[in-house]
Structures are given as structure tokens and as C-alpha cells.
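Undergrad: Structure incoming, see below.
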């Protein structure tokens with residue numbers, strides 16, 4: 001009898017340990033591959049090419065120095081930053097007003113407009129780079145940062161609209177109405193009352209647009225030839241590049257993304273969760 | 001300003017932008033795929049489909065999606081339910097689990113290359129424990145299964161976080177009262193998951209699956225980093241047509257094929273997980 005009564009707490013404790021073990025295991029599943037990349041990137045070229053591998057980095061900057069000195073890398077890095085910055089500016093400048101309109105106004109065609117935004121999500125957007133490559137050659141936009149940024153903005157824009165929509169919806173319209181009665185115009189009420197409140201959220205979605213552009217491979221590889229971005233450059237050199245160059249490149253791609261995700265972690269759910277409904 | 005015109009002014013830039021860079025290119029790509037010189041033609045599709053690699057390319061892409069997406073769905077559901085029960089350390093665990101969200105598919109491919117390459121960590125470990133006497137070249141034509149495994153692992157590693165975030169947000173929207181009521185009637189945790197969480201999570205499951213499946217059909221850089229030409233996929237062949245063979249028509253035809261598969265998958269998922277009209281949480 002005693003054993004039967006003693007079982008539930010035991011079982012519960014076992015379940016608790018299993019739960020913790022699973023959490024730890026899943027964390028390791030994410031972190032260990034990342035750690036191994038860091039070990040490679042922070043070791044000398046000889047260590048990266050030698051066998052067997054040590055599980056600890058040498059903290060030698062040889063690979064990264066080789067990477068920085070590799071012909072064309074710094075230009076590619078610069079191009080990546082330019083394209084991502086342009087994408088960030090355009091997607092917020094174009095997307096935020098639409099997010100505001102969706103949250104504050106009822107107007108004819110609103111449903112159609114929302115459908116257009118949501119529709120972009122059901123299409124493999126990087127494929128758009130193919131027809132645009134032809135169009136860009138005609139208009140002189142081929143192989144330019146702005147041309148690629150247009151395509152990346154198409155990727156980031158639906159997010160920008162839906163995220164700013166949910167941000168604006170979180171601010172009661174009464175605040176704006178109060179500002180109007182106190183002599184603000186619609187515009188000054190917006191800049192003095194609403195904007196300060198949602199600025200952190202806007203920043204987060206801008207960072208998110210930056211990351212989308214920074215990470216994009218296919219369109220970047222199709223649309224740039226001389227002015228390659230970092231992803232396009234690495235992709236092009238995958239077959240021929242020394243292995244330590246690839247790992248250093250992977251490291252440079254990953255580090256900003258890690259920082260960005262950390263910076264926007266509070267907004268992840270607004271971005272992916274609510275923005276997807 | 002007039003409150004009737006203002007909303008249209010505010011949405012005009014997005015609408016114009018999407019017309020120019022979203023709708024118009026789709027028209028262009030279809031035009032490119034179906035015309036040769038002046039007239040209508042199916043030659044591009046015939047050319048693409050009759051290429052000896054095409055059936056392998058299509059099968060590989062579909063097989064990879066079929067292998068990866070169910071595992072990711074199960075993992076994301078498990079992680080999401082674990083997160084919602086978590087008290088202390090929730091933020092840290094959530095940050096760690098969502099890290100791959102910010103990582104490029106190319107970087108993910110390179111990360112798993114560090115493990116699977118010949119002087120990589122898997123070989124080091126296998127030799128270390130004595131399972132192999134010398135490092136084997138894992139990612140070669142002879143080891144097609146291993147190439148597939150490496151690509152599948154990299155895909156699972158990279159893209160589970162997207163589903164996780166959507167599902168966690170979805171679970172957060174389910175009212176606690178349902179669980180309290182179930183608790184009162186003595187439903188087990190498993191029963192609560194099966195009869196409350198899963199049905200009410202349908203809209204989120206729908207979006208998570210659609211996004212993920214479309215991404216799976218777009219798989220490109222992970223494969224380029226790990227398998228190269230050993231494991232041809234649709235997007236990789238499209239890139240080869242456009243860039244190596246300079247055949248825009250064939251590339252456009254491939255693009256339309258990927259598009260067709262994506263739309264078909266979206267419709268199937270929408271149908272299978274349809275939310276009854278008027279049923280909201």
C-alpha cells in the first residue's frame with residue numbers, strides 16, 4: 001500500500017528531471033553546432049585543416065585575418081551593410097504609414113489591401129529576382145545596391161506593415177484624440193505622442209528588416225555580379241575557397257545576427273506571432 | 001487633412017511598391033517562361049522537364065520537405081508546450097531556442113559543414129572513440145544517405161525556431177479558463193494538449209506550416225554549402241539555369257514550377273487545417 005501512495009511524488013520528480021533534461025538537451029542542440037563553428041573561426045588556418053579537431057578554440061585570429069585580407073571580402077561586407085541599411089530604411093519608411101492606416105482607419109479596400117500583404121507570404125519571394133534581373137538591366141539598376149535593396153524590401157515589407165500595425169494598435173486612439181483637443185494637428189499628435197511610445201518597436205522591426213536582407217542569399221547571388229554582398233560572395237566561392245575561409249565567413253555572418261536577435265527578443269512574438277495572424 | 005483620403009495616401013506607397021516589385025515580376029516571370037521569340041510556347045517547360053537531372057531534383061526537394069517538416073512540427077510543438085510551462089529561466093531558454101531565427105541559411109550550411117567535413121568534428125569524434133581508424137570523407141557521392149542526413153539536420157536546426165515562435169504566440173492566445181475547466185474534470189496533461197491546445201492552435205499551425213513548407217521548397221544555400229551538386233534541388237537548378245547556363249527562359253520555367261508546388265502546398269494546408277467559420281478564440 002505504501003508503495004502505491006509513494007509513487008505519485010516519485011513519478012512527478014522523475015517527470016521533472018526528464019523535463020529539465022529535455023530542455024538542456026534542446027539548448028545543446030542549438031548551441032553546440034554554433035560553438036563548433038566558433039571553435040573553427042577562432043583557430044589558425046593550420047588548426048582548422050588539421051586532424052583530429054580540438055574541441056576548444058585556440059583564440060588565434062589567423063583564420064579571421066586571412067578572411068579580412070582575402071580579395072573582395074571587405075567590399076562584399078561593405079555592400080552587405082549598404083544593402084541591408086537601404087532595406088531597413090525603405091521598409092520602415094514605406095511600411096509604417098500603412099501599418100498606421102490599418103490600425104486607425106476603416107476604409108474601403110482594407111480587406112483587399114491586407115490580402116495583398118498576406119499573399120506575399122505564400123510566395124517564394126527570392127524567385128522574383130529572376131525577372132527583375134532582366135528588368136534591372138533595362139533600367140540600369142543591375143548590379144547596384146539599390147536594385148537588390150528593392151527586392152529585399154519586398155521580403156521585409158510585409159513584416160514591417162504587420163508589425164507596425166500591431167504596434168500602433170497597442171496605443172489607444174484616445175491618447176491621440178486628447179492631443180488633438182489640446183491643439184495638436186494630426187501630424188504633431190503623431191510625432192509628439194505616438195512616435196515616442198512606439199519608437200522601440202519601430203527600431204526592433206527596422207533591425208529585423210536589416211537581418212532579413214543581411215541573410216538573404218538567392219536574390220543577392222542572382223542580382224549582383226561585381227558588387228557582390230557577403231552571402232553572394234561566399235556562395236560563389238564555396239567550391240573553391242579554403243575551408244577556413246568558409247568558417248570565418250560563416251562566423252562573420254552569424255555574429256551580427258546573434259546580437260540582433262538578442263536586441264529584438266522582446267518583440268519576436270509581435271513579429272512572428274501576431275504578425276502572422 | 002481629410003480623414004477619407006488620408007488612409008489611401010498612407011497605403012499608397014506600399015501598394016505601388018508591391019505592384020512594381022511583387023505583382024509585376026510575377027507577370028514577367030510567367031511571360032518569360034511561356035514565350036520564345038514572339039509566340040506562346042511550352043518549350044521552356046519541355047526543356048527543363050526533359051533534363052536528366054530534373055526528376056532527381058524534384059524528388060530530392062519534395063523528399064527533403066517531407067522528412068524535415070514533420071520532425072520540425074513535432075519539435076516545435078514540444079518546445080512550445082515546454083516553454084509555456086516554464087517559470088524560471090524562460091527568457092534565457094527562449095532566447096537560445098530562437099537563435100537560429102536570425103541565422104542565414106548559408107551560415108547554417110557552413111555550421112553543419114564544420115561537423116561533417118573530412119577533418120570535421122564528427123570524424124574527430126568517431127576516430128576519438130575508435131569507431132573509425134582514419135577520417136572518412138563523409139560528404140561524397142558514395143554516401144548519398146549521409147549527404148541527405150547532413151542537409152536535413154541543418155534544415156531542422158535552422159528553421160524549427162520559426163515554427164516555435166509562431167506556436168508559442170498561438171498558445172499564449174488560448175484562454176486559461178479552458179485548462180482550468182479541464183483540470184476540474186480531471187483531464188490529464190496529455191488530454192489537455194490533445195483536446196484543447198491542438199484544436200485551438202489550428203490558425204497558428206496553419207501559418208507555421210505554410211511558411212515552413214514554402215521555405216522547404218526554397219531550400220538552396222544549405223544544400224549549396226553541404227551537398228553542392230551531389231544533391232540537386234529545384235532552387236539550385238534554377239540558379240544554375242540563370243547563372244551558369246544563362247538560360248533565362250528555363251530559369252523562369254523552373255521558377256513557375258516552384259511557385260506551382262508552393263501554391264498547391266498552401267492550398268492543401270489551408271484545406272486540411274481549415275478553421276470553421278466564425279470560430280475564434
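Undergrad: Counting partner chain Cβ atoms within 10 Å of every residue's Cβ in A:112-123, what's the average? Don't skip to the answer; put the middle values down first.
TA: Numbers: counts 1, 6, 0, 0, 7, 5, 1, 3, 3, 5, 12, 8.
The per-residue average across the peptide is 4.
Undergrad: Kirkwood hydrodynamic radius of the range A:2-62 from all distinct Cα pairs, in Å? Can you show the working numbers first?
TA: Values: mean 1/r = 0.0683 Å⁻¹.
It is 14.6 Å.
Undergrad: How much length, in nm to one decimal, is gained on full extension between residue B:142 and residue B:95, taken as 0.36 nm per residue of separation minus their Cα-Cα distance?
TA: Net length gain for the segment: 13.0 nm.
Undergrad: Using per-residue counts of other Cβ atoms within 10 Å, averaged over each peptide, order B:194-200, B:58-64 from highest down.
TA: Result, highest mean Cβ count within 10 Å first: B:58-64, B:194-200.
Undergrad: 7 Å from Cα along Cα→Cβ at both residue B:36 and residue A:225: what's the point-to-point distance in nm?
TA: Computed distance between label sites residue B:36 and residue A:225 equals 2.6 nm.
Undergrad: Right, something else. Express the relative contact order of the range A:2-62 as a whole percentage, based on alpha carbon pairs under 8 Å and six or more residues apart in sequence. The partial results should precede the final answer.
TA: Working: 27 pairs, mean separation 16.5, N = 61.
Across the range A:2-62, relative contact order equals 27 percent.
Undergrad: With a/c under 1.5 counting as rounded, go ahead and sort the range B:56-158 into rounded, prolate or oblate using the C-alpha gyration tensor (a ≥ b ≥ c being the square roots of the eigenvalues; past the cut-off, prolate if a/b is larger than b/c, else oblate).
TA: Note, shape of the range B:56-158 comes out oblate.
Undergrad: Sticking with this one: Obtain the nm distance between the two label points defined at residue B:194 and residue B:88 by a simple spin-label model: each point lies 7 Å from its Cα along the Cα-to-C-beta direction.
TA: 3.3 nm
Undergrad: Set the Förster distance to 51 Å, then compute FRET efficiency between residue B:183 and residue B:59 from the Cβ-Cβ distance, nearest 0.05.
TA: Calculated transfer efficiency: 0.60.
Undergrad: Taking springs between alpha-carbon atoms closer than 10 angstrom, which of A:238, A:31, A:74 fluctuates most in the Gaussian network model of chain A?
TA: Highest fluctuation among the options: A:31.
Undergrad: I've got another one for you. At a Förster radius of 35 Å, what calculated FRET efficiency corresponds to the Cβ-Cβ distance of residue A:46 and residue A:263, to the nearest 0.05? If you can, show how the numbers build up before the last one.
TA: Working: r = 36 Å, r/R0 = 1.02.
Taking R0 as 35 Å, the efficiency between residue A:46 and residue A:263 is 0.45.
Undergrad: Relative to the present Cα-Cα distance, how much length would full extension add between residue A:60 and residue A:255 at 0.36 nm per residue of separation? List each step's numbers first, then the result.
TA: Working: separation 195, 0.36 × 195 = 70.20 nm, distance 1.72 nm.
Contour length minus Cα-Cα distance gives 68.5 nm.
Undergrad: FRET efficiency for residue B:51 and residue A:24, Cβ-Cβ distance as r, R0 = 60 Å, nearest 0.05?
TA: 0.80
Undergrad: Send over the Kirkwood Rh of the range A:78-129, from the inverse of the averaged 1/r over different Cα pairs, rounded to one decimal Å.
TA: Answer for the range A:78-129: a Kirkwood hydrodynamic radius of 13.1 Å.
Undergrad: How far, in nm, would the chain grow between residue B:74 and residue B:19 when pulled straight, counting 0.36 nm per residue and subtracting the alpha carbon separation?
TA: Extra length available between residue B:74 and residue B:19 comes to 16.1 nm.
Undergrad: Right, something else. For the protein assembly as shown, treating each Cα as an identical point scatterer without solvent, what Debye log10 I(q)/I(0) comes out at q = 0.06, 0.08, 0.13 1/Å?
TA: -0.33, -0.58, -1.44
Undergrad: For the range A:72-276, evaluate the Debye formula with one uniform point scatterer on each Cα (no solvent term) and list log10 I(q)/I(0) at q = 0.12, 0.15, 0.16 Å⁻¹, rounded to two decimals.
TA: Taken in order of the listed q values, log10 I(q)/I(0) reads -0.68, -0.96, -1.05.
Undergrad: Quantify how strongly other chains surround peptide A:30-41 by giving the mean number of their Cβ atoms within 10 Å of each of its Cβ atoms.
TA: Counting other chains' Cβ atoms within 10 Å and averaging over A:30-41 gives 6.
Undergrad: Still on this model: At 25 °C and 0.890 mPa s, what whole-number value in µm²/s does Stokes-Einstein give for the translational diffusion of chain B, with Rh from the Kirkwood sum over Cα pairs?
TA: Translational D for this selection: 111 µm²/s.
Undergrad: Just grab the label-to-label distance for residue A:118 and residue B:270, each label 7 Å out from Cα along the Cβ direction, in nm (one decimal).
TA: 0.9 nm
Undergrad: Shifting gears a bit: Sort B:128-140, B:111-123, A:105-117 by the packing proxy (mean of other Cβ within 10 Å over each peptide's residues), most packed first.
TA: B:111-123, A:105-117, B:128-140
Undergrad: Kindly give the semi-axes, whole Å and largest first, of the ellipsoid equivalent to the range B:152-195, taking each as the square root of 5 times a Cα gyration tensor eigenvalue.
TA: Taking √(5λ) for each eigenvalue gives 30, 13, 5 Å, largest first.
Undergrad: Enter the mean number of other protein chain beta carbons within 10 Å of the beta carbon of each residue in B:164-170, as an integer.
TA: The per-residue average across the peptide is 5.
Undergrad: Taking every pair of distinct Cα atoms and averaging 1/r, then inverting, what Kirkwood hydrodynamic radius in Å comes out for the range A:107-214?
TA: Evaluated over the range A:107-214, this radius sits at 16.4 Å.
Undergrad: Here is a further query. For every helix of n ≥ 4 consecutive DSSP H residues, a contribution of -39,500 (n - 2.57) applies; sum these over the protein assembly as shown, divide by its total residues, and give [θ] at 222 nm rounded to the nearest 500 deg cm²/dmol. Please report the intermediate quantities before stating the final value.
TA: Details: 27 runs with 387 residues, N = 558.
It lands at -22500 deg cm²/dmol.
Bear in mind that the values in this text are calculations on the coordinates, not laboratory data. This structure is a prediction, so every number in the text was calculated from the model and none was measured. Neighbour counts are summed over all protein chains in view; Cβ atoms, including those assigned to glycine, are modelled from backbone coordinates with ideal geometry.
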